[in-house]
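K.L.:
One structure, pasted below without further comment.
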Amino acid sequence: MPEGKPFELCVVIDDDEDILLAARLLLRALFDEVLTFTDPRDAFERTAARMPDAILLDANFARGATDAAEGFEWLGRFLARDPDAVVVMITAHGGVQIAIEAMKRGATDFATKPWSNERLLATVRTAAALRQSRRLAEEKDKLVAIAATAPGGETPLLGTSPAMARVQQLIDRAGPTDANVLILGENGTGKELVARELHRRSRRAERVMLSVDLGAVAETVIDSELFGHVRGAFTDARADRIGRLQAADGGTLFLDEIGNLPLHLQPKLLTALEQRKVTPVGANKPVPVDIRVIAATNLSTGQLGDEQRFRQDLLFRLNTVEIVLPPLRERREDVPMLLDHYLGFYARKYAKPVRPIPADVLAALVAYDWPGNVRALRHAVERAVILAGDAPFGIEDFSIRRPEPAPLRVERAAVVEPAAGDDDLNLERVERRLVEAALRKHGYNISNAAAELGLTRASLYRRMEKHGL
C-alpha cells in the first residue's frame, strides 16, 4: 500500500476527458486510487462494492444542459445507496444557485470550473476527512450497541457473608467516584459483575461500558484493539479504526485479565491513562479521551508485584481502589442463596418446575470447594435443572464427586500424571483428574494451566465445561 497518502479512493465523474485527467493528476497526492468516469451510470455500477472517501460529480452531462438535472439525479442515487457518502458537486463558473441547491440536496461541498488547484485540494481533503470521521463514528456506535446487548445484567452480585459485605462496602464507596479500580480474584468469582456494579453506581452510568478480554485477544492485535490504528499503519490496515479506549470516551472501560497485557504495551497504556490521550497505531497526533478504567485479573498480588511481568507504575495507576473477591470456598454461607437463585433462573429459562434440594445434597454442595467458583456452581445448577428429570435432586445431578478425588502427583517436566499406584485407566476420569491437577497447580490461572496441558485457553474451557469444573 502506498504510504503518505491519507485516503484510499476518490471517484471523479465528468464528461470532459481533460477535466478527468487534470483531476486524476492533482488528487493522486491525497488518494491511493483515483477512478475517473465520463458516464455516471458506469461509475455507479462499478463502485457498488466500494466505499469511496470522496466523489466529485459534474452537474451536467448532456450537451448544452445547464440545469444540473442529471447531476442532481445521480447525487440522489449515490446518497440513497450510501447516506454517509460525501459528494462534491462540480459546477461551471458562476453556477452559485446550482451549488446551493446541490448542498440542500445533500452534497457535502462544491467546486467550480475552472478550479484553483489549492482550493480543490482543500475542498476534497475536508470532504474525505468528513467521510472518515463518519466511519469512525459508525464504528463507535457499533461497539456501543454490542456493549449494550452484552450479557451480564441479568445476574446480580449475590452474597451476605462477611467477605461479600466487605466487597459491597468498597463498591458503595468507590462506585460514585471516578477512581480507577483493580479487581482481584480467581476465575469465576464474579469480577465482571463487580465492574458492572461499579459502573451502574457511577456518574457515567448513562454512558457506555466497554469490555476488553485481554486473555482472548491475540497479542499481535492488542495494540490496535485498545488504541486503534490509522490506515496504512500495517499491511492489513486498509481504513482507520477506532480503539476501545476512544470508543469508551465519556464512559467506563473494563479491562478484563489485565495481567495478559504484554509488557511492551504497558507503558503506552500508562501514558494514555496519565495524559488522558490516545495515540492510534501509526498516528502522530493523540486524541483526548475521558474514561474511567476498571481492570481485573486472576493473578495474585505476588505475581503482579513481579517487575518482569507487570510494571509497578501502571499497577499504581490502576489500583487506586483494590477490591479482592473471595473464592466461593471462603464464603460457603452464600452457597444456599446462589443455588436458590440459579435454580429459579434456569427453571424459568427451561420451563421446568422449581424443586427444592434435599438437605443431604445441599450439605454436600455447601461443603464442596467449587473449583471455578460461582461460574462452576452456575453451570452445575443449569445441568442439574436440564438433566435431573422428575426425581429429587441427587448429588450426581450436579456433577461433583463425594469424596474428593485422590491427590495427584504433578511432574515438574510440564506433565501431569495420576498418583503412583492409581490403576484407573478410564480416559474420561483420567482427563478430569489431569485438568483438575493443572488448575490446582497454577492457582486456577487458566492461561498457565492451559499451557502446561498443551491446550489453548478455549480448549481448556471446553474440558472444564465437559467435566463440570
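K.L.:
With a 1.4 Å probe and every protein chain left in place, tell me how much accessible area T320 has, in Å² to the nearest 10.
P.N.:
Looks like 90 Å² after rounding.
K.L.:
For K5, which aspartates and glutamates qualify as cross-link partners when the Cα separation must be under 13 Å and same-chain residues fewer than eight apart are set aside?
P.N.:
Once the sequence-local aspartates and glutamates are set aside, what remains near K5 is D32, E33, D53, D240.
K.L.:
Next up: Once the convex hull of the alpha carbons of the chain is built, what does its volume come to per residue, in cubic angstrom?
P.N.:
Cα convex hull per residue, to the nearest whole number: 196 Å³.
K.L.:
Something else now. Among 185-192, 219-226, how do they line up from the highest to the lowest mean number of other beta-carbon atoms within 10 Å?
P.N.:
The most tightly packed comes first, giving 185-192, 219-226.
K.L.:
Quote the accessible area belonging to S116 in square angstrom, nearest 10, computed with a 1.4 Å probe and with ligands, DNA and RNA left uncounted.
P.N.:
Roll a 1.4 Å probe over it and S116 shows about 60 Å².
K.L.:
Among DSSP bridges having both ends in the chain, what percentage is antiparallel? Round to the nearest 5.
P.N.:
Taking every DSSP beta bridge with both residues in the chain, the antiparallel ones total about 10 percent.
K.L.:
Ordered by packing density, taken as the mean number of other Cβ atoms within 10 Å over each peptide's residues, highest first, how do 50-59, 333-342 rank?
P.N.:
Working: 50-59: 24.0, 333-342: 17.7.
Per-residue Cβ counts within 10 Å, averaged per peptide and sorted highest first, yield 50-59, 333-342.
K.L.:
If you don't mind, another one. Magnitude of the Cβ-charge dipole of the chain, K/R +1 and D/E -1, about the Cα centre, nearest 20 debye?
P.N.:
1040
K.L.:
Oh, and also: Just subtract the alpha-carbon distance of R41 and E465 from 0.36 nm times their residue separation and send over the number in nm, one decimal.
P.N.:
Computed gain between R41 and E465 is 147.0 nm.
K.L.:
Let me ask something else. Give me the angle, in degrees from 0 to 90, between the Cα long axis of helix 17-27 and the longest principal axis of the Cα atoms of the chain, rounded to the nearest 10.
P.N.:
Relative to the chain, helix 17-27 is tipped by roughly 40 degrees.
K.L.:
Moving to a separate point now. Given a cut-off of under 8 Å on Cα pairs at least six residues apart, what relative contact order in percent is computed for the stretch 1-138?
P.N.:
21
K.L.:
Pull up the cross-link candidates among the aspartates and glutamates for K349, meaning alpha carbon to alpha carbon under 15 Å and not fewer than 8 places away within one chain.
P.N.:
Those aspartates and glutamates meeting the cut-off are E154, D340, E382.
K.L.:
For I183, list long-range residues whose amide hydrogen, built 1.01 Å from N in the peptide plane, is under 5 Å from its own amide hydrogen.
P.N.:
When sequence neighbours closer than 5 places are left aside, the close amide H contacts are A295, A296, T297, I323.
K.L.:
Using a simple spin-label model with points 7 Å from Cα along the Cα→Cβ vector, what separation in nm is obtained for Q308 and D16?
P.N.:
Modelled inter-label distance: 7.1 nm.
K.L.:
Using just the helices of the chain, give the 222 nm mean residue ellipticity in deg cm²/dmol: DSSP H runs with n ≥ 4 each add -39,500 (n - 2.57), and the total is spread over all residues, rounded to 500. Could the numbers behind the result be given before it?
P.N.:
Values: 18 runs with 199 residues, N = 469.
The per-residue figure over the chain is -13000 deg cm²/dmol.
K.L.:
Continuing with the same structure: Expressed as an acute angle from 0 to 90° and rounded to the nearest 10, what is the orientation of the C-alpha long axis of helix 117-148 relative to the principal long axis of the chain?
P.N.:
Approximately 20 degrees, to the nearest ten.
K.L.:
Order of 250-256, 271-277 by packing, highest average Cβ count within 10 Å first? List each step's numbers first, then the result.
P.N.:
Details: 250-256: 22.3, 271-277: 15.3.
Final packing ranking: 250-256, 271-277.
K.L.:
Using the heavy atoms of the protein chains alone and a 1.4 angstrom probe, what is the accessible area of the chain per residue in square angstrom? List each step's numbers first, then the result.
P.N.:
Numbers: 22970 Å² over 469 residues.
Roughly 49 Å² per residue, with all protein chains present.
K.L.:
On a 0 to 90 degree scale, rounded to 10, what angle separates helix 191-200 from the longest Cα axis of the chain?
P.N.:
Once rounded, one gets 50 degrees.
The values are calculated or read from the model by the stated rules, or taken from the named source; none is laboratory data. Source: prediction; values computed, not measured. Cβ coordinates were reconstructed from backbone atoms using ideal geometry, including for glycine residues, and neighbour counts include every protein chain displayed. Protein only, heavy atoms only, side chains kept; ligands, DNA and RNA dropped before computing areas. Shrake-Rupley method; radii C 1.70, N 1.55, O 1.52, S 1.80 Å.
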